[in-house]
Amino acid sequence: MPPPRRAVLAVDGGGLHGLVPSVWLAGLERALRAVARERGLPPLPEPVCIGQYFDVIAGTSTGGIVAAFLVLQSAGLLAAGERGGAAELVDLYERRAADIFPSGSSALSPLWFLWELLRDQGKYSAEGLQRVLEGVLDPPGCALSDLALCPDPRHRCSLLLWTYDLARRSPAGFYAYRAPPSVPARPDGSPAHRFGLITYEQLPEEGGPADDDGTDGDGFVRVGEGDAGAQAAPAAGSGCPPRWDPELLQKLETNFGISAAGLESRVRRSEASDFRVADCVLASSAAPTVLPPARVRAVGSDKDTVFCDGGISADSPALEAFSLLRDSEAEADPGGRPLELGECAILSLGTTAVVDPLPAQAAAGLKSPLAWVRSGDLVDTLVNANPEVVHGYLERFFASGGPALRGRYLRVQVTADRHRLAAFATGSEGAALARALADFDRSGEEEMRALRTMAEMVGELYYPRFLQFVRDNIFPEEPGRETGRAEGGGTLK
C-alpha cells in the first residue's frame, strides 16, 4: 500500500483538560525524533515543529487553543519569547489555568447555581481567555490570512477551528488552508491558499437571488414553484389531487428533488472573510453556561456574528479536518482525483471523558431546562457523544482495510467512571485527580499537577503506538514520496 497522501491531527474540546493532549504531544515529538534517527535523517530541531508534519491541524474548544498554537508555531507567528512545542503548551495550561477559569465554587454548588441563575450570565467571563490568547500571538491581531498566505515555504499546515454559528443555527469552521505543491496554482500563478468560514446553510438567505431552475441560488427549491412544486402541488385539471394546499407551501423551503451534488453545495465558504485567530479560538471555546457566546467580527466588517462552542456539533473534529482537505483540493483542482478518507493518516487526541451512568429514576427526572443545568450534565451530555461516534466510525472504516489501513488511524483517549473515581480518591493525589477529571474547569495547582501526572503515565503507555504511527505515516520507508516538508523531515505529499 502506498504512503498516505495527507496527514490529519485533530484535538478534542475539554476545557483545562487540554493539558492532557498537550502532554501527549510531547510523546509525539519524541517519536518524531526517534524515527528520524532510525531513517538516518538529520536531527530534528528543538523544539520539534509538529505543524511541519501534518497537512491540517484541527481543534474544537480547548483543542482549538492547541491547534492554533501549533500552526502559529509553524508559521513563525508566536509571540516573542514563545518557542513553541509541546513543553510550552503544557506550561501555558499550567501557568494560565487560573486566568481562564478562576478557582471558585463548583458548578454543582447550589449557591453557585442560585447566583448564576439570578445574574443571568455564564459561569466565567471570556476576558481571561482573551488575555491568554493575545499573549501568545504575534502580533495580537494575527488573522487567518496571515496563516494561509504566510511567505515561509516551510509552513505547509492548514488550520481548522470548529465552532457553532448561533445566528444560522449551523455548524461552522474557521479555516486557513495551505495548498500543497501537488495542488494546481491559480490562473495568475499564485498558490491555491484560502481562508474564511465554513457554514452549513439550512435555509436560503432571505432575498437571495433565484436561479433559473427555481432555486434561491444555493440549491434549495421553493415548494410550489418549478418542477418540485409541480410534484408536490399538481396543477388544476391534472387529475392528481394536491397533497398539500399550494398556498401553504408557497414559502416552505425544502431540498426536495436535489441531487447529491446539490446537497454538497450546502457547504458554503466565505472566501472574502478574514478573522482574527484569537477571535476564532474564542468562538470555538464559548461553552454554553460556562462562557458567554462570542461576538466575532470579520476584519474590515462592522457586523458581528455570534458563535458558541464547537462541541455542540463536533467535539472531535477529525472528519471535519478531512472534509476541509478534500473540499479545498477539489475546488482548486476540479479535474483531479478526489482525496479519499483511506488516503489520510489521522491522529486524534481526546481530552479525557468521565462516564457517569445515571440511574433510571435520576435520568427520568431531567425534565426541564432547570433540571438539566442544575444537574451539571448539560454540557457533558452535549459534547461527550460526538467523539465516541466519530471514533467508532473511523475505527471501523480503517479496520476494514486490513493491517496496513488500520495503521493510518490512532485515537488516544482516557475514559474514567465517576463512581470508580470516587472509590479511587483515598489519598491526596487520588482525590486531586478525581476532582480534576470530574470538572473541566478545576484550575487548582493540585488538580493540574495530578492531571499532568496521569497524562504522562498514559502517554508512556501509548508511546509505542506513537512510534508506529510515525514510522508508517510520517517517515514511511516506501519510496516514491515527494520531499520538501520540513528541513530534514518527512512528507506526506
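The values are calculated or read from the model by the stated rules, or taken from the named source; none is laboratory data. These numbers were taken from a predicted model, which means no experiment stands behind them. Heads up, the Cβs are rebuilt from the backbone with ideal geometry, glycines too, and the neighbour counts pull from every protein chain shown. Accessible surface areas use protein heavy atoms only, side chains included; no ligands, DNA or RNA. Shrake-Rupley method; radii C 1.70, N 1.55, O 1.52, S 1.80 Å.
When the residues of region 288-303 are filtered to those that are open to solvent by 50 Å² or more (accessible area, probe 1.4 Å) and assigned to a strand (DSSP E or B), the one that is nearest to Leu166 (Cα to Cα) is Arg295.
Filtered by the rule that a residue be modelled with pLDDT of 90 or more and either part of a loop (DSSP other than H, G, I, E, B) or of a type in the set (Ser, Thr, Tyr) (or both), region 85-118 gives Gly85, Tyr93. Taking first residues from region 315-339 that are of a type in the set (Ser, Thr, Tyr) and partners that are buried (at least 16 other Cβ atoms within 10 Å of the Cβ) and part of a loop (DSSP other than H, G, I, E, B), the Cβ contacts under 6 Å between residues at least 6 apart in sequence or on separate chains come to Ser316/Asp12.
Can you pull out every residue in region 30-56 that is open to solvent by less than 10 Å² (accessible area, probe 1.4 Å) and part of a helix (DSSP H, G or I)? The answer is Ala31, Leu32, Val35, Ala36, Ile50, Gly51, Tyr53.
Just so you know, in region 169-210 the residues that are touching a Lys or Arg at 6+ places or on another chain (Cβ under 7 Å) and part of a loop (DSSP other than H, G, I, E, B) include one that is modelled with the lowest pLDDT, and it is Gln202.
Only one entry in Leu347, Leu319 is open to solvent by less than 20 Å² (accessible area, probe 1.4 Å) and within 23 Å of Tyr177 (Cβ to Cβ), namely Leu347.
Is there any pair with a first residue in region 153-174 that is within 18 Å of Thr305 (Cβ to Cβ) and a second that is open to solvent by 30 Å² or more (accessible area, probe 1.4 Å) and among the hydroxyl-bearing types (Ser, Thr, Tyr) whose Cβ atoms are under 7 Å apart and which are 6 or more apart or on different chains, and what are they? If the second residue must be open to solvent by 30 Å² or more (accessible area, probe 1.4 Å) and among the hydroxyl-bearing types (Ser, Thr, Tyr), the pairs left are Tyr164/Ser313; Asp165/Thr305; Ala167/Thr305; Ser170/Tyr200; Pro171/Tyr164; Pro171/Tyr200; Pro171/Ser313; Ala172/Tyr164. For region 376-431, which residues satisfy the criterion of being in contact with a helix residue (DSSP H, G or I) (Cβ under 7 Å, 6 or more places away or on another chain), modelled with pLDDT of 70 or more and assigned to a loop (DSSP other than H, G, I, E, B)? Answer for region 376-431, where residues must be in contact with a helix residue (DSSP H, G or I) (Cβ under 7 Å, 6 or more places away or on another chain), modelled with pLDDT of 70 or more and assigned to a loop (DSSP other than H, G, I, E, B): Gly401, Gly407, Arg408, Val414.
Of the residues making up region 443-453, those that are surrounded by 20 or more Cβ atoms within 10 Å (Cβ to Cβ) and either under 25 Å from the mean Cα position of the chain (by Cα) or hydrophobic (A, V, I, L, M, F, W, C) (or both) are Ser443, Met448, Ala450, Leu451. For Arg39, the criteria (1) touching a helix residue (DSSP H, G or I) at 6+ places or on another chain (Cβ under 8 Å); (2) in contact (Cβ under 8 Å) with a residue 40 or more places away in the chain hold in every case but one, which is (1).
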